[in-house]
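Taking it in order: structure first as structure tokens, then the write-up.
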Amino acid sequence: MCRLAAWLGPEIRLEDLILKPPHSLIEQSQAATESKLAVNGDGYGFAWYAKDGRLGVYRDVLPAWGDSNLSSLATMITSQLVLAHVRASTYGQVSRSNCHPFTSSNWSFMHNGQIANFGCYRRTLETRLSDQLYAQRTGNTDSECLFMLLLEHGLEQNVHKAVDSVLQLLSSVTEQCRQPTRVSAVFSDGDQLFALRVSSDRKSPTLYVKRSNSGGVVLASEPLDKAANDWCAVEEGSLLTVNRHTQSSYSVSL
């Protein structure tokens, strides 16, 4: 299972999210504590938004701890909105095109979990994509397919409706599958963060949220520090919408 972290708030250096905290994302890539796999070494990536709203993305197949470029990039890149991910593959080979975050237009998306028996249902799900969105798909993971399906179902127009529609689709397509579908995803339109935590067996991968003293918001698979009381679990079966001042929860189901 993968690990992820995101920030929305006053401008920070990337290292403040993925390198400096006691249980930072790079620490979790080698020693995750709330995952079946302690090591997440099948690539990593991060997306960040510039002050003018432009979206940048960096992804590589190296383990996060093994890329000598990361510390330099993390020291220099600053942003008010960052998504970062370390990968432990459940479907799809280790390749740059399969590393998160995935991007389209001004949207960025990362995921931890799996679509039930995706290898059997992949063709069925991909036929639901328009030619334009199918052409955007460069990898072969269930995570990227999930992102494309959300876009296909109107993510840019109405996030709640898109999520409901895709979850209904996944439920109907995988209805006879004995394996569970589990989703813990964080995505952004460049202005807000959205955190989706839902599963068919109510065992979604962990996801936490914390409001910092600086006024920012952190989302992470595992708390980045030891102040456990400051971190709240994102509720099972919910879509959390986070902006700079408020957050709201919307009930979803599979």
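The values are calculated or read from the model by the stated rules, or taken from the named source; none is laboratory data. Keep in mind the model is a prediction, meaning the values are calculated, not measured. We place every Cβ from the backbone using ideal geometry, glycine too, and count neighbours over all the protein chains shown.
Per-structure values
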read-out	value
Residue pairs meeting the criteria (Cβ under 8 Å; at least 6 apart or on separate chains; first at negative phi, in segment 222-236; second part of a loop (DSSP other than H, G, I, E, B) and among the aliphatic types (A, V, I, L, M))	GLU222/ALA32; ALA233/LEU207; VAL234/LEU207
Filtered residue count, segment 28-61, keeping only those that are surrounded by fewer than 18 Cβ atoms within 10 Å (Cβ to Cβ) and either in contact with a Leu (Cβ under 6 Å, 6 or more places away or on another chain) or not acidic (Asp, Glu) (or both)	13
Identity of the residue in segment 86-102, crowded, with 19+ Cβ neighbours inside 10 Å and not polar (S, T, N, Q), that ends up modelled with the lowest pLDDT	GLY92
Residues of segment 39-63 classified as under 16 Å from the mean Cα position of the chain (by Cα) and either free of Cβ contacts under 8 Å to residues at least 24 places away in the same chain or assigned to a helix (DSSP H, G or I) (or both), total	2
Any hit, segment 108-116, residues being out of contact with any helix residue (DSSP H, G or I) (no Cβ under 7 Å at 6 or more places or on another chain), surrounded by fewer than 17 Cβ atoms within 10 Å (Cβ to Cβ) and of a type outside the set (A, V, I, L, M, F, W, C)	no
Matching entry among LYS161, LYS203, LYS226, LYS210 (being within 18 Å of TRP107 (Cα to Cα), surrounded by fewer than 22 Cβ atoms within 10 Å (Cβ to Cβ) and of a type in the set (Lys, Arg))	LYS161
For SER188: the one exception among (1) closer than 25 Å to GLN247 by Cβ; (2) among the hydroxyl-bearing types (Ser, Thr, Tyr); (3) surrounded by fewer than 20 Cβ atoms within 10 Å (Cβ to Cβ)	(3)
Hits in segment 185-208 - residues which are out of contact with any Phe, Trp or Tyr (no Cβ under 8 Å at 6 or more places or on another chain), of a type in the set (S, T, N, Q) and over 11 Å from GLU235 (Cα atoms)	GLN192, SER199, SER200
Subset of segment 20-58 [in contact with a Ser or Thr (Cβ under 9 Å, 6 or more places away or on another chain) and over 19 Å from CYS99 (Cα atoms)]	HIS23, GLU34, ALA50, LYS51
Hits in segment 181-215 - residues which are closer than 24 Å to GLY119 by Cβ, over 16 Å from the mean Cα position of the chain (by Cα) and among the hydroxyl-bearing types (Ser, Thr, Tyr)	SER200
